[in-house]
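Bear in mind these aren't lab numbers, they're just calculated from the coordinates by the rules spelled out. Not measured: the values here are computed from a predicted model. Reconstructed Cβ throughout: ideal geometry from the backbone, glycine too, with neighbour counts over all protein chains shown.
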């Protein structure tokens, strides 16, 4: 068990080794989104992020909870109008996901998902 103060987010150190700042930023935004949207799921002891109701599924087992955190993280890091504006400025590029990912400091995977979901690919 790791003892931490309340409102602490613990990230896997592999995110730091990969030198992928975009992935790290999205993961941080995703975890912050969990705190903002789902803090009622946790007991608040500061000792562990323990579910209040042990019969309730953890967020990793609940696709809706994970999707909500992904959506808020996306809104924070990739505001739709700004991404669309940049996309249309780069539309002559064969694969605009890479330069857009760099511009918004997110992973190519996150930007690719954004572009597909907004029918920009």
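A few points about this structure:
- Inter-label distance, residue 121 to residue 5: 4.2 nm, where each label sits 7 Å from its Cα along the C-beta direction.
- Cα-Cα P(r), segment 78-121, percent of pairs per 10 Å interval: 32, 66, 1
- Multiplying the residue separation of residue 86 and residue 66 by 0.36 nm and removing their Cα-Cα distance gives an extension gain of 4.5 nm.
- Multiplying the residue separation of residue 12 and residue 109 by 0.36 nm and subtracting their alpha-carbon distance yields 33.0 nm.
- Sorting the segments 78-86, 108-116, 9-17, 65-73 by their mean number of nearby beta carbons within 10 angstrom, highest to lowest, gives 108-116, 65-73, 78-86, 9-17.
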